[in-house]
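K.L.:
This structure is in structure tokens; I'll ask about it shortly.
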Amino acid sequence: MIFTLFGDYIRHYGNEIWIGSLIRVLQEFGHNEQSVRAAISRMNKQGWIASEKRGNKSYYSLTEMGKERIEEAAERIYKIKPHSWDGKWRILMYTIPETKRSIRDELRQELIWSGFGSLSNSTWISPNKLEKQVYTLIDKYKIHDFVNFFVSDYKGPGEPEGLVQNCWNIDEINEKYEHFIRDYSQKYVIAKNKIDKGEMTDGQCFVERTILVHEYRKFLFIDPGLPGELLPEKWLGDSAASLFSDYYVTLAEPANSFFEGIFKEGNEMANISKDYDILDHPFIANNQ
């Protein structure tokens, strides 16, 4: 949830928030001060966020590693249509020894998150342009001596669609999109009705939008974001993305208002004078 808040709000307001404001915001979701501080401490130790003490107040911001992860996630979350394919496959092969097993396990999770699929135990492939992500992971885990990376054509004997079926469970992903569409279509209609009638508070819109993003971003862990040429004819990812976009934009203005109120109040209490505009958010700006 904190990642969601940084990605959807805080990074558009200077990438820094007072811990008091963060605690106040997360109270809307039933989280108490102790749980927020514990989560922030873990994220700090993991290198996602940095802390700064000014007087007796603590402030938190994304580190460079955190910014890169958020930017990568945002590019995928707010994408409405699949990209086109250059016809190439990115292939990462590794022979990481048993003594570095923990690194190997972490690398697998990172590869899945980035959209790679496992062709065999130590061979991972993707049709997406993930060169930057691959080199970042190689540097992060210092595994230069244990990996080989290729950008290659597929020469058969099967079809590229066969590789897709071997590496990803497209039917299962489609089914999860179907569930999302069914659940959130109803929520969208109800919320839009309430907003039009003035029956939904800014705070409720903020909670609903944050939960919407939080739930939708879970697809980053299962959907590799394949190009349109490799997707099945009855692919539901596009419909889910359109629903997400419509619902998100409907909730945007009142949700932003609620967050800004807490954020600016926290700044005033901490004697910080800054003015940020959530309309800098590319997804909102593109949908005005």
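K.L.:
Exactly one of (1) among the hydrophobic types (A, V, I, L, M, F, W, C); (2) in a strand (DSSP E or B); (3) free of Cβ contacts under 8 Å to residues at least 24 places away in the same chain is unmet by Ala38. Its number?
P.N.:
All conditions pass for Ala38, except number (2).
K.L.:
When you scan the stretch 227-246, do you find a residue that is among the aromatic types (Phe, Trp, Tyr), outside any helix (DSSP H, G or I) and either surrounded by 14 or more Cβ atoms within 10 Å (Cβ to Cβ) or modelled with pLDDT of 90 or more (or both), even just one?
P.N.:
Yes.
K.L.:
For Gly266, work out the one condition from (1) more than 19 Å from the chain's Cα centre (by Cα); (2) modelled with pLDDT of 95 or more it doesn't fulfil.
P.N.:
For Gly266, the exception is condition (2).
K.L.:
Given (1) among the hydroxyl-bearing types (Ser, Thr, Tyr); (2) more than 19 Å from Glu208 (Cα to Cα); (3) surrounded by 14 or more Cβ atoms within 10 Å (Cβ to Cβ), identify the lone condition not met by Thr4.
P.N.:
Against the list (1) among the hydroxyl-bearing types (Ser, Thr, Tyr); (2) more than 19 Å from Glu208 (Cα to Cα); (3) surrounded by 14 or more Cβ atoms within 10 Å (Cβ to Cβ), Thr4 comes up short only on (2).
K.L.:
Looking at Glu131, Glu75, can you tell me which residue is under 22 Å from Phe221 (Cβ atoms) and in the same structural domain as Phe221 (by TED's automatic domain parsing)?
P.N.:
Glu75
K.L.:
Now, a different point. May I ask you to list pairs of residues, at least six apart or on different chains, whose Cβ atoms are under 6 Å apart, with the first in the stretch 158-179 being assigned by TED's automatic domain parsing to the domain that holds Glu229 and under 14 Å from Lys234 (Cα atoms) and the second being in a helix (DSSP H, G or I) and of a type outside the set (Lys, Arg)?
P.N.:
The qualifying pairs are Tyr177/Gly237; Tyr177/Ala240.
K.L.:
Taking strands (runs of 3 or more DSSP E) that fall entirely within the stretch 74-190, which contain at least 2 residues that are of a type in the set (A, V, I, L, M) and in contact with a Phe, Trp or Tyr (Cβ under 6 Å, 6 or more places away or on another chain)?
P.N.:
Strands (runs of 3 or more DSSP E) meeting the threshold: 89-94.
The values are calculated or read from the model by the stated rules, or taken from the named source; none is laboratory data. What you see is a predicted model, and the numbers here were worked out from it, not measured in a lab. Here Cβ is always computed from backbone atoms with ideal geometry, including for glycine, and neighbour counts include all displayed protein chains.
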